[in-house]
Amino acid sequence: MFLEVKNLTKSYGEGDNRVKVLEDVSLDINKGEICSLLGPSGSGKSTLLNLIGGLERADGGDIIIDSLTISKLRDKELGEYRRHELGFIFQFYNLIPDLSVKENIEIGSAIVSDSMDLKELISALGLEDQCDKLPNQLSGGQQQRCAIGRALIKKPALLICDEPTGALDYKTSKEILTLICDINKKYDTTIIIATHNEAISQIAHRTIRLRDGKIHENITNDHIIAASELTW
Ligand SMILES: Nc1ncnc2c1ncn2[C@@H]1O[C@H](COP(=O)(O)OP(=O)(O)OP(=O)(O)O)[C@@H](O)[C@H]1O
Ligand SMILES: [Mg+2]
């Protein structure tokens, strides 16, 4: 088992305002799986991703990634872990505006010793012609490709995507999903995608649904569809 989440709980707020956001959440994800994480707004998707990604601490429970109990790590070790093993992709690309595409991607490699070949990655992302442009000279899809490159260059074991196509049009969304699936196949990267788009569950090996901070459904998908074949 690559990722094990055990009895995770998380609340926000103090005193009377304290709200349980995750309640006894347990799940397992295999190495190399694409897992879609669905659920209504406020159901706890981003919170769960932030805990798995070590961006926040849970109140209780354990998170074990590749035999490492990250919920028990000290802050410094957790930071190291995040830098080396995890890639993050968000709805809004969070690129550095005054760095070129190439430089934005290169930044991801500055912190690890074993990174992907930059040229090869840029070509896999289809960004050869955009290399020297600044983010504001790119389309949304190109910016997201660049953000994916920044996350991937350090060869993360786990890629965490929070609404990766939330700001993109239909055609571009499908291109980005195709890219994510290609990465999964080529590098055996385990990928979690939080989304409001039901259709995305068809490209995933596993679908987990949250409702009010609890696991509502956890199913494996026997009929996976290529991202290019998706419609919604
Ligand atoms: N830092 C925070 N402080 C207080 N409450 C928070 C914080 N972060 C999230 N919440 C609350 O936790 C609940 C779950 O939020 P979360 O962002 O995980 O939902 P989500 O499923 O990702 O929703 P969406 O689909 O809208 O992105 C919400 O009620 C939200 O208001
Ligand atoms: Mg969210």
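Bear in mind that the values in this text are calculations on the coordinates, not laboratory data. Keep in mind that what you see is a predicted model, and the values were worked out from it rather than measured. Every residue, glycine among them, receives a Cβ derived from its backbone with ideal geometry; neighbour counts consider all protein chains shown.
Some observations on this one:
- Cα-derived Rg to Rh of segment 71-176, Kirkwood definition: 0.98
- Selected from GLU175, GLU85, GLU14 as most flexible by GNM, with the chain as the system and alpha-carbon contacts under 10 Å: GLU14
- Percentage of interatomic Cα-Cα distances in segment 1-155 larger than 25 Å: 41
- Lysines with Cα under 25 Å of LYS185, excluding same-chain neighbours fewer than 8 positions away: LYS31, LYS45, LYS102, LYS119, LYS154, LYS155, LYS171, LYS174
- Extension reserve of the ASP66-ARG83 stretch, reckoned as 0.36 nm per residue once the Cα distance is removed: 4.6 nm
- Scanning residues 5 or more positions from PHE88 or on other chains, those with amide H under 5 Å from its amide H are ILE160, with H placed 1.01 Å from N in the peptide plane.
- Extent along the principal axes, Cα only, for segment 74-116: 33, 24, 16 Å, with the longest axis given first.
- Footprinting exposure proxy for CYS181, CYS131, CYS161 (fewest neighbouring C-beta atoms within 10 Å first): CYS131, CYS181, CYS161
- Calculated FRET value between GLU4 and THR231, using beta carbons and R₀ = 30 Å, to 0.05: 0.30
- Here the 3J(HN,Hα) profile of segment 23-35, calculated from phi with Karplus coefficients 6.51, -1.76 and 1.60 at θ = phi - 60°, is 10, 6, 8, 10, 7, 10, 10, 7, 4, x, 7, 9, 10 Hz, Gly and Pro shown as x.
- Near the amide H of LEU210, within less than 5 Å, lie the amide hydrogens of LEU38, GLY39, HIS216, all on another chain or at least 5 residues away, with H placed in the peptide plane.
- Karplus 3J(HN,Hα) series, Hz, for segment 39-45 with 6.51 cos²θ - 1.76 cosθ + 1.60 (x for Gly, Pro): x, x, 4, x, 7, x, 4
- Table column - 3J(HN,Hα) (Hz), segment 196-208, Karplus curve with 6.51, -1.76, 1.60, x for Gly and Pro: 9, 8, 3, 4, 4, 4, 6, 8, 8, 6, 9, 10, 10
- The value obtained for segment 173-232, namely the Cα convex hull volume divided by the number of residues, is 89 Å³ per residue.
- Amide H partners (placed H, <5 Å) of ASP59, local residues excluded: THR9, LYS10, SER11
- Estimated at 0.36 nm per residue, the fully extended path between THR220 and ALA110 surpasses their Cα-Cα distance by 35.9 nm.
- Neighbour counting of Cβ atoms within 10 Å sorts the residues LYS6, LYS185, fewest neighbours leading, into LYS185, LYS6.
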